[in-house]
Amino acid sequence: MTISDRKRDHLEICIKEDVNSRKQTTLLEDVHLIHNALPELNLEDVSVETEIFGHELSLPLFIDSMTGGTQMSYEINQALASAAEEAHIGIGVGSQRAGLTRPEVAETYRIVRKSAPTTFVFGNLGAAQLVKGLTIAEAKKAVEMIDADALAIHLNPLQEAVQMGGDPQYKGAIARIRELAESLDVPIIVKEVGAGISGDVAKSLEMAGAKAINVSGVGGTSWSGVESIRAKRANNDVTAALGEAFWDWGIPTAVALIDVVRKVKLPVIASGGIRTGLDVAKCIALGASICAMARPFLLAASRKGKEGVLDLIRSVASELKLSMFLTGSPNINSLQSTKFVITGELQEWVKSLA
Ligand SMILES: Cc1cc2nc3c(=O)[nH]c(=O)nc-3n(C[C@H](O)[C@H](O)[C@H](O)COP(=O)(O)O)c2cc1C
C-alpha cells in the first residue's frame with residue numbers, strides 16, 4: 001500500500017464514517033462565558049480580525065492540515081483553499097511526505113497556494129518522519145512546494161502506533177525539531193492530530209524553537225478510531241481492537257489549551273473538536289490566539305465544494321461575533337480578557353494539573 005492509497009482511505013473513512021471521539025468531549029461545555037445584558041456596543045461594530053506572524057486574518061480561524069497526494073485531495077484542497085482565500089483565513093495542507101517522494105503528486109499540494117495566493121498557508125510534515133531521517137533539505141522543499149508562510153510539524157504517536165505499517169518512532173524527535181527550527185526561514189508550528197499536547201511538552205517545544213503550538217486535543221476526530229476502522233476492513237482484528245481501546249485517548253482540547261497557555265509564551269492554536277463560533281470564542285477567552293477545524297471543512301467541501309466551505313466559515317464568524325457582542329467584547333484582544341467560569345470535569349482536570 002502506497003502513502004497515496006492510505007491517504008485515500010483516510011479521506012473516504014473521514015467522510016463516510018463517524019470517527020468523532022465517543023465518550024470524551026473537548027470539555028468546552030464546562031467553560032461558561034458570562035452574559036453581558038448591557039454590552040455598550042453594537043453587533044455590527046464587533047471586529048473579529050486578528051493576525052499571526054504578521055499576517056492579517058479576517059477571523060481567528062485556520063482550515064487545519066488535512067490532505068494532498070491523491071486526485072480527490074486535489075479537488076478538496078482547491079475547494080478549501082479558494083474559500084480560505086475569499087474569506088481570508090489561514091489554511092494548511094496535509095502531510096507533504098507523498099509530495100516529496102512522488103513529485104508527480106506535488107501539484108495536489110501546490111493547488112493550495114495557487115488557489116490562495118495571498119492568505120496564510122502552512123505546510124505539514126510528521127515528527128516521526130524527521131526521526132526516520134527526513135532531511136532539512138526535504139523540509140525546505142516542502143516549504144518551497146507551496147510557498148508556505150509556516151511549517152506545521154505533527155506529533156501523532158498514537159496514530160503511528162495504531163496505523164498498520166505505521167512508524168511509532170519518537171526517540172530523538174525533539175532534537176530533530178530543534179535542528180529544523182534553526183534551519184528554516186519560516187516559523188514552525190507544532191501540532192497534535194487529536195490526542196492533545198500537555199503544558200510540559202509545549203514547554204520543551206518552545207525551548208526547541210517552535211513558534212506556535214496547536215494543541216489538537218480530544219473531542220473531535222479520533223485518529224485511533226480512523227485507523228481502527230481501516231484495520232477492521234483489512235481483517236486485522238488485533239489492530240482494530242487496539243484502535244477501539246484507544247479511541248478516546250488523550251487530553252481534552254480545553255484541558256490542553258489551559259495547560260499550554262499557562263506554560264508557554266507562544267501563540268497557542270486550539271483545535272480538536274472545535275465545531276462552532278461559540279467554541280472559538282471560549283477558546284480565545286481561555287487564551288488561544290487562533291482556532292483550527294479539520295473534518296467539518298472536509299465534510300463541507302466534499303458535499304458542497306467551495307460554497308459549502310464558505311457557508312461554514314460564515315456560520316463560525318457569525319457565532320463568534322454574537323458571542324463577542326454578548327460578552328461586551330469589541331475585538332479579539334478584549335475577548336482574550338473576558339470573564340468565564342469553569343465547572344465540572346474541566347475544573348477537576350485544571351485543579352489536578354495545577
Ligand atoms: C482527513 C484528515 C486528514 C488529516 N491529515 C493530517 C495530516 O496530514 N497532518 C496533520 O498534522 N494532521 C492531519 N489531520 C488532523 C487535523 O489537522 C486535526 O488535528 C484533527 O483532525 C482534529 O481536528 P478536528 O476534530 O477538527 O477534525 C487530518 C484530519 C483529517 C480529518
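The values are calculated or read from the model by the stated rules, or taken from the named source; none is laboratory data. This structure is a prediction, so every number in the text was calculated from the model and none was measured. Glycine gets a Cβ as well: all are built from the backbone with ideal geometry, and neighbour counts include every protein chain shown.
Return the pairs, sorted by first residue and then second, in which the second residue is within 14 Å of the ligand (Cβ to nearest atom) and outside any strand (DSSP E or B), the first residue lies in the range 19-32 and is among the small types (Gly, Ala, Ser), the beta carbons are less than 6 Å apart, and the residues are 6+ apart or on different chains.
Listed pairs, sorted by first residue: Ser21/Gly219; Ser21/Ser222; Ser21/Asp248.
So in the range 186-225, with the set limited to residues that are polar (S, T, N, Q) and in a loop (DSSP other than H, G, I, E, B), which one is farthest from the chain's Cα centre (by Cα)?
Ser198
Just a yes or no: is a residue in the range 36-50 in contact (Cβ under 8 Å) with a residue 60 or more places away in the chain, among the hydrophobic types (A, V, I, L, M, F, W, C), surrounded by fewer than 21 Cβ atoms within 10 Å (Cβ to Cβ) and in contact with an Asp or Glu (Cβ under 9 Å, 6 or more places away or on another chain)?
No, that holds for no residue.
Has the range 226-233 got at least one residue that is without any contact (Cβ under 8 Å) to a residue 24 or more places away in the chain, away from the ligand (no atom under 13 Å from the Cβ), closer than 25 Å to Ala254 by Cβ and part of a helix (DSSP H, G or I)?
No: zero hits.
Being part of a helix (DSSP H, G or I), surrounded by 24 or more Cβ atoms within 10 Å (Cβ to Cβ) and in contact (Cβ under 8 Å) with a residue 24 or more places away in the chain is true for just one of Leu257, Leu278, Leu242. Which residue is that?
Answer to the check: Leu257.
Would you list the strands (runs of 3 or more DSSP E) that sit entirely within the range 1-103 and hold 2 or more residues that are more than 28 Å from Thr343 (Cβ to Cβ), at pLDDT 95 or above and in contact with a helix residue (DSSP H, G or I) (Cβ under 9 Å, 6 or more places away or on another chain)?
61-63, 90-92
Could you look through the range 59-80, keep only residues that are hydrophobic (A, V, I, L, M, F, W, C) and within 15 Å of the ligand (Cβ to nearest atom), and pick out the one that is surrounded by the fewest Cβ atoms within 10 Å (Cβ to Cβ)?
Residue satisfying both the conditions and the ranking: Met72.
Quick check on my filter: what residues within the range 289-315 are of a type in the set (A, V, I, L, M), within 24 Å of Glu17 (Cβ to Cβ) and touching a helix residue (DSSP H, G or I) at 6+ places or on another chain (Cβ under 8 Å)?
Met293, Leu298, Leu299, Ala300, Ala301, Val309, Leu312
Looking at Ala292, is it under 22 Å from Ser323 (Cα atoms), touching a Leu at 6+ places or on another chain (Cβ under 8 Å), in a strand (DSSP E or B) and among the aliphatic types (A, V, I, L, M)?
yes
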